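Since the structure comes first, as C-alpha cells, the remarks are kept for the end.
The values are calculated or read from the model by the stated rules, or taken from the named source; none is laboratory data. Model, not experiment: these values are computed from the prediction. Here the Cβ positions follow ideal geometry from the backbone for every residue, glycine too, while neighbour counts run over all protein chains shown.
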Amino acid sequence: MRMLLIFACCAVLAGCKRARTETEQVGKAATPAPRPTPRVALVPNVEKRTPEWYEEAAAGGDAEAQAKLGAMYEDGSDGVTKDEAKAVEWLQKAAAQGEDAAQARLGAMFAEGKLAPKNHEEGVAWMGKAAELGNAAAQSKLGVIFAEGLGVPKDPARGLGLIQEAATQGDAAAEFNLGLMLATGKGIAKDEAKAVEWYEKSAAQGYVPAEANLGGMYSEGLGVVRDEKKAVEWFQMAAERGHAVAQFNLAIRYAGGIGTTKDEAKAAEWLKKSAFQGYPAAQFNLGVMHANGIGGPKDPARAFVWYTLAARQNDPEAVVELAVLKDKITPKQKTEAEKILEGLGANKPAK
C-alpha cells in the first residue's frame with residue numbers, strides 16, 4: 001500500500017461574532033413606574049437578503065456587506081455572475097475597513113494568483129492582518145506558508161504557532177495540518193496518538209484528506225490499535241468524496257480482501273476512479289489487472305494505456321512493465337491503445 005500524506009492548504013472563511021453585553025440597573029422606586037411599551041428593533045431577514053440588498057449596503061460603506069458581495073462575485077454564488085474584477089474591488093474595500101474575512105480571502109487570492117495578478121508579498125500582508133485579528137482561515141494558510149517557506153523565509157516555529165492557533169479555533173485544514181505535523185514529526189515532536197486526535201477533529205468536519213489519513217493510521221496501527229475494518233471505513237468515506245489516494249487504498253483492500261470481502265470487480269472500479277484522476281499507482285495497478293485478467297478479461301491494449309500513463313509520471317514499475325508489454329502487444333492492439341490514449345487527451349496523463 002502506498003499511503004500519501006498530503007500537506008493541505010485550504011482557505012475556509014470564518015465569520016466573526018461580536019458579543020453583546022447587556023447591563024441591568026437595579027433601584028428602589030417609591031411608586032412603580034408605568035411599564036413602557038416594548039420596542040422591537042427590525043432586523044432584515046438574512047435569508048431574504050438579495051444581491052441588490054448587498055449592492056446597496058456595500059455602496060453605503062457597510063464592510064460586512066462588501067465582504068459578502070466580494071465573496072459572491074469571486075464564487076459566482078447567490079445568483080451573482082462570477083466577476084473577478086468586482087470581487088477584488090469589493091474585497092479590497094472591506095479589507096481596508098478591517099474586515100478580517102475579506103482580508104483573508106483577498107490575501108489568498110493575491111498569494112495564489114487565482115483571481116488576481118499573483119502578488120505573493122501583498123497576499124501574505126493581507127493574510128497577516130487577518131491573522132492578527134484572529135481569523136482562523138488566515139492563520140491556517142499563513143501557517144503553512146511559513147512552515148514550508150513558500151515565498152517567504154522558512155520559519156517552522158512561526159508556522160506551527162499559527163497552525164496551532166487556527167486548529168484550536170476549529171479550522172478543519174489547520175486541524176489536519178497539525179495532525180500531519182504530529183504524525184511525521186515535522187516541526188514538532190512526533191506523537192502519532194495526538195495526530196489521530198487532530199485528524200479525527202478535522203474529519204468530524206468532513207475534511208476529506210483527514211478521512212483518508214485516518215484510514216492510513218488505522219491500516220498501519222499508527223497511534224491507534226491496528227484495525228483494517230476501520231481503515232476500510234475511513235478510506236471508503238474519503239473515496240466516495242473523490243479522494244484519489246483513498247480510492248487507490250480502498251481498491252487494494254478489495255483486491256486482497258483486507259478488512260473487507262474480496263471483490264476484484266470493486267477493486268477495478270475504484271482503481272479506475274483513482275487512475276482517471278491521474279494517480280500513478282492506481283494507473284499502474286489498473287494496468288496489472290488488465291494485463292492479467294483480474295476483475296475482468298485480459299486486455300493488453302488497456303494494460304498498455306495505463307502502463308503508459310503511469311510511466312509518463314515516472315512510476316518505476318510501470319516503466320518496466322511497459323517495456324515488457326511493448327514486445328508482446330500486437331500491432332492491432334497497439335493501434336487500439338493509441339486511440340484510447342488520444343481520447344484521454346492526446347496521450348497526456350488521465351485527469
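Take the range 288-309 and flag every residue that is among the hydrophobic types (A, V, I, L, M, F, W, C) and either over 35 Å from the mean Cα position of the chain (by Cα) or in a helix (DSSP H, G or I) (or both).
Kept after step one, since they are among the hydrophobic types (A, V, I, L, M, F, W, C), are these residues of the range 288-309: 288-289, 291, 294, 301, 303-306, 309.
Result: V288, M289, A291, A301, A303, F304, V305, W306, L309.
Across the range 131-158, what is the number of residues that are of a type in the set (A, V, I, L, M, F, W, C), in contact with a Lys or Arg (Cβ under 9 Å, 6 or more places away or on another chain) and more than 18 Å from R105 (Cβ to Cβ)?
Residues flagged as of a type in the set (A, V, I, L, M, F, W, C), in contact with a Lys or Arg (Cβ under 9 Å, 6 or more places away or on another chain) and more than 18 Å from R105 (Cβ to Cβ) within the range 131-158 amount to 2.
Taking the range 248-281 as the search range and keeping residues that are among the charged types (D, E, K, R) and in a helix (DSSP H, G or I), which one is surrounded by the fewest Cβ atoms within 10 Å (Cβ to Cβ)?
E269
Please indicate, with yes or no, whether at least one residue in the range 224-239 is of a type in the set (V, I, T), closer than 20 Å to F284 by Cα and modelled with pLDDT of 95 or more.
The answer is no, given that none of the residues of the range 224-239 is of a type in the set (V, I, T), closer than 20 Å to F284 by Cα and modelled with pLDDT of 95 or more.
Please go through the range 89-122 and give me each residue that is closer than 18 Å to A63 by Cβ, of a type in the set (G, A, S) and surrounded by fewer than 20 Cβ atoms within 10 Å (Cβ to Cβ), ordered by number.
A96, G98
Residue-by-condition table, conditions (1) modelled with pLDDT under 50; (2) within 24 Å of the chain's Cα centre (by Cα); (3) not aromatic (F, W, Y):
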{"site": "C16", "(1), (2), (3)": "yes, yes, yes"}
{"site": "T21", "(1), (2), (3)": "yes, no, yes"}
{"site": "R39", "(1), (2), (3)": "yes, no, yes"}
{"site": "N45", "(1), (2), (3)": "no, no, yes"}
{"site": "D62", "(1), (2), (3)": "no, no, yes"}
{"site": "V80", "(1), (2), (3)": "no, no, yes"}
{"site": "D83", "(1), (2), (3)": "no, yes, yes"}
